[in-house]
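This report refers to the structure that appears directly beneath it.
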Amino acid sequence: MRKHPPTLRVALERCVASESELSKAFIYKKYYGYIKAVVLRYVKVDVESEEVINESFVKVFRKLHSFEQHADDEVLEKTFRSWMARISVNTAIDMLRVKKQMQFIDDEEDTEIGNLSVSMASNLEANDILKLLDDLPSVQKAIFNLYEIEGYSHEEISKMLDIPESTSRTYLTRAKQKLRALYNKFMDQENIKS
């Protein structure tokens, strides 16, 4: 029995060299929560999110040989998390596409929107923001996450989702409009409570 768990570097090397199940279990346990947080930005249904999380780990382990390990342990940690997040996002988007949950039908009007700003003095916290995102239609939520959180361009999103760039822009605008409306509703409810 080992007294200390392996480091990330040791676990990665063992996975690549010998497909070590102990090292895979170490990586899975260490990063499960992180991958779950990434996946939940796209897929909320428990069964489906678990499917995406597990598929993401399968892909991570399958592609470990292509991951370049940085010499510095701190940089290695950051790049590995980033690399896994990208795999997880792509896996979630693939699942959404395959399950045909992304319906590009929306009867909202195209209107301009101002900047969505949140006052620092508001009672809106991270969990409240995540709940607001959950109320977005799946297409809008996916595009908002890809563009605003993951940093993809509209061109990249259009290729990932097989949609025109203009559709990506439109749905991002609609997502922001819906978030603004949800935010205003939330703040009205908070003011009533006060």
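The values are calculated or read from the model by the stated rules, or taken from the named source; none is laboratory data. Model, not experiment: these values are computed from the prediction. Cβ sites come from the backbone with ideal geometry, for glycine too, and all protein chains shown count toward neighbours.
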Screening MET187, MET160 for residues that are at pLDDT below 80, surrounded by 12 or more Cβ atoms within 10 Å (Cβ to Cβ) and assigned to a helix (DSSP H, G or I) leaves only MET187
Of the residues in the range 163-184 that are of a type in the set (Ser, Thr, Tyr) and either under 23 Å from LYS131 (Cβ atoms) or out of contact with any Ser or Thr (no Cβ under 6 Å at 6 or more places or on another chain) (or both), the one that is surrounded by the fewest Cβ atoms within 10 Å (Cβ to Cβ) is SER166
Residue list for the range 102-155, filter: within 13 Å of TYR42 (Cβ to Cβ), modelled with pLDDT under 80 and surrounded by 16 or more Cβ atoms within 10 Å (Cβ to Cβ): MET102
Scan the range 20-79 residue by residue and report those that are of a type in the set (Val, Ile, Thr) and not in a helix (DSSP H, G or I). VAL43, VAL45
Please specify each residue of the range 15-74 satisfying the condition of being surrounded by 11 or more Cβ atoms within 10 Å (Cβ to Cβ) and of a type in the set (Lys, Arg). LYS24, LYS30, LYS36, ARG41, LYS44, LYS59, LYS63
